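Report on the structure given below.
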Amino acid sequence: MTMSAGWYLRRLSAMGPQEVAGRVGDTLRRRRWGNETPPAGPAVSGARFTAVLPAGAVEAVPAEAAKRLVAAADRLMDGRAEFFGVEREDMADPDWWFDPKTGRRATAGYAFDVPYRDEDAVGDIKQIWEPSRHQYLTVLAAAYAVTGNERYAERVADHLRSWWKVNPPLEGVHWVSGIELGIRLLSWVWVRRLLDGWSGAAALFEANPTALHQIWHHQRWLAAFPSRGSSANNHVIAEAAGQFAAACAFDWFPESERWRAEALRSLDRHLRANTFLSGLNRELASEYHGLVLELGLAAVAEADAAGVPVPATVRLVLLRMTDALAAVVDNRLRPPRQGDADDGHGLVVDGAGTDRWASLLATGGAVFGRLPWWPEVAAGDVRTPLLAALLKPYGAGVARPASRPVHLADAGMTILRDEEDRIWCRCDGGPHGFLSIAAHAHADALSLEVRQDGVDVLADPGTFCYHGQPEWRRYFRSTLGHNTLELDGGDQSGSGGPFLWTRQARSRVLVADPAGGGVARWCAEHDGYRPSVHRRRVELTAASRELRVVDEVSGPRRPVRLAFHLGPAITADLTGNRAVLSWTRDGEDRSAELDLAGQLSWRAHRGESDPPLGWYSAGFGRKEPATTLVGTGFADGAQGFTTVLRFRGQGGA
């Protein structure tokens, strides 16, 4: 996907004068660097790595978690890995510039001249970048730490030496994006830590001129080209966290103290800027909440390991983020599927099958202390005991919610639950997104997600892709691609590109009552279809397991489509305006009835591609057919469209 002149104009209009000036400076610096030979960097002698794990940290890893880790490491040793739904069998000796999805290999040359958005020239950039975050190497290094088997350490060393040789500073696609450099630095810190018992660790890192050259250039790059202004979202957190971690653990350079101080200031500032006071991430994209929390915890762990003081505001934001996560997960510890998701992680040391969200809550409980209303989390991951061994406890004397929040007002997120916490409903009445471009937002105002025992019944379809497939990118972030109402065949908010919104709907919550008289109520409206206003009322009656949704549209008569996306496990039998839903959970048959608005004409769609409709993306790069019910007709303000979902069978009778 290449950007047009119109896109550049729209992107420029979303920037303020200070950001424009900063980007002009960045452009001039890139051109200057491109005309120069990358400097050799300072000479380093006598470097030592001291940020080791405390005694007993590895021994605290649960046996089952260690077993999963070793299984994942052995698969990697066999050369097999999966990235975004694409299976690879070449990871014993990877081609760092190859995209197995398209079969293309990225073009060479000066990094900032590589057209990384052009899939025809480069391939799928996410497929190329992901292995070079080196998080699979942290898995191999962790396998060495728990087993002492040197074959894992030797494979890590082989791959790092290969990567450093093929990707010299400023050459090629891996020197384009700061988030990639930041996460890669964090991976290298943990690789060195986890390999500390191996006799070759020092020769691989602090006694290796090539490694020192790479580490120094990564930090020089990050100091020169931080994400700015309207782009200062999760990317700037990753940049600051990686730079700070490296400047703490690899503090071998004359610039280390300055880089550490600047990165910590950036981390403090942007963690606060990226996070609501309620603790939810301002991008309103659940997976980026997880990414930022992981990055923040890993950065503070480096500070504590190095004895570097950290502002209390940094730990406070991370505590609030952890409490917010505990507040919004369902009874199977799944968070909302809101906004963009690209499967990004800050630190990976666990094997397949490890619950990311349970791991984060377990770490939060160990560091901050769990509150009585938190959901129960069984210990069972590698990362928690390792991070907890480095992180100082925090939270004593800090004001925290006395009961489980149900309405996080600043984020506009309300969670309705039945008394047994088996029915979970997320209602979206918050801001469209973060910063002027709202890069990772979807046109999903007033949308709903409904689950029973963790099963998506009314589902948020997800994200699927970023680059290279514009029609699918448009669909998965469209209004029609969510459980909400569309007018005139267009989105509530106007898109100017794959990560750019030029017009943003404004929402406001009118009612958020968690359980008045056994009925949880929510009501909100948005102005994305001016002069019309879309208002939605939702009621969850615990006793009857009934969810009632009423959509009202004020203003002139306009064509309307009302969509309800069913999860991939749900089978639907639609007759007229009634659908019987069925699925299986824990070996038990479940069912529900969905009574749809009678004023609309209803049709079931599944797995359609021209145009896309009826899909569910469980993870980045993956999609599968799922049923979407769409009602078409007209809204004239005379009456509302009423939808009633009644749960039956196990847990719903």
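So in the range 543-557, with the set limited to residues that are part of a loop (DSSP other than H, G, I, E, B) and touching a strand residue (DSSP E or B) at 6+ places or on another chain (Cβ under 8 Å), which one is farthest from Asp428 (Cα to Cα)? Only one residue fits best here, namely Arg557. The criterion of being open to solvent by 10 Å² or more (accessible area, probe 1.4 Å) and out of contact with any strand residue (DSSP E or B) (no Cβ under 9 Å at 6 or more places or on another chain) holds for Thr313. Selection of the range 178-229 for residues being touching a helix residue (DSSP H, G or I) at 6+ places or on another chain (Cβ under 7 Å), of a type in the set (S, T, N, Q) and open to solvent by 10 Å² or more (accessible area, probe 1.4 Å) yields Thr210, Ser227. Could you say whether any residue in the range 138-149 is within 27 Å of the chain's Cα centre (by Cα), more than 26 Å from Asp350 (Cβ to Cβ) and open to solvent by less than 20 Å² (accessible area, probe 1.4 Å)? No, that holds for no residue. Note on the range 587-601: residues that are surrounded by 21 or more Cβ atoms within 10 Å (Cβ to Cβ) and free of Cβ contacts under 8 Å to residues at least 40 places away in the same chain total 0. When the range 508-542 is filtered for residues that are of a type in the set (Lys, Arg) and part of a loop (DSSP other than H, G, I, E, B), only Arg530 remains. The test for being touching a residue at least 12 places away in the same chain (Cβ under 8 Å), over 26 Å from Gly607 (Cα atoms), hydrophobic (A, V, I, L, M, F, W, C) and outside any loop (DSSP other than H, G, I, E, B) does not hold for Val560.
Conditions (1) among the charged types (D, E, K, R); (2) over 17 Å from the mean Cα position of the chain (by Cα), marked per residue:
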| residue | (1), (2) |
| --- | --- |
| Leu416 | no, yes |
| Cys425 | no, yes |
| His432 | no, no |
| His442 | no, no |
| Ala445 | no, yes |
| Asp453 | yes, yes |
| Thr463 | no, no |
| Thr484 | no, yes |
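Screening Ala261 on (1) open to solvent by less than 20 Å² (accessible area, probe 1.4 Å); (2) at pLDDT 95 or above shows it passes everything except condition (1).
Within the range 489-507, the set of residues being assigned to a loop (DSSP other than H, G, I, E, B) and either crowded, with 19+ Cβ neighbours inside 10 Å or among the aromatic types (Phe, Trp, Tyr) (or both) comprises Asp491, Gln492, Ser493, Pro498, Phe499, Gln504, Ala505. The one condition from (1) open to solvent by less than 20 Å² (accessible area, probe 1.4 Å); (2) over 30 Å from Leu53 (Cβ atoms); (3) among the basic types (Lys, Arg) that Arg383 does not meet is (2).
Among all positions in the range 407-430, there is at least one residue which is touching a residue at least 40 places away in the same chain (Cβ under 8 Å) and among the hydroxyl-bearing types (Ser, Thr, Tyr). Flag: Leu480 matches the condition of being open to solvent by 10 Å² or more (accessible area, probe 1.4 Å) and aliphatic (A, V, I, L, M). Do we find that Ala618 is in a strand (DSSP E or B) and surrounded by 15 or more Cβ atoms within 10 Å (Cβ to Cβ) in this structure? In short, no. In the range 1-92, counting only helices (runs of 4 or more DSSP H) that sit wholly within it, the ones holding 3 or more residues that are loosely packed, with under 11 Cβ neighbours inside 10 Å span 5-13, 17-34. Is it true that Trp583 is among the hydrophobic types (A, V, I, L, M, F, W, C), in a strand (DSSP E or B) and closer than 23 Å to Leu487 by Cβ? No; evaluated as a whole, the condition is false for this residue.
The values are calculated or read from the model by the stated rules, or taken from the named source; none is laboratory data. Source: prediction; values computed, not measured. Here the Cβ is made from the backbone with ideal geometry for all residues, glycine too, and neighbour counts use every protein chain on show. Ligands, DNA and RNA are stripped out before the accessible areas are found, and what is left, the full protein with its side chains, is counted by its heavy atoms. Shrake-Rupley method; radii C 1.70, N 1.55, O 1.52, S 1.80 Å.
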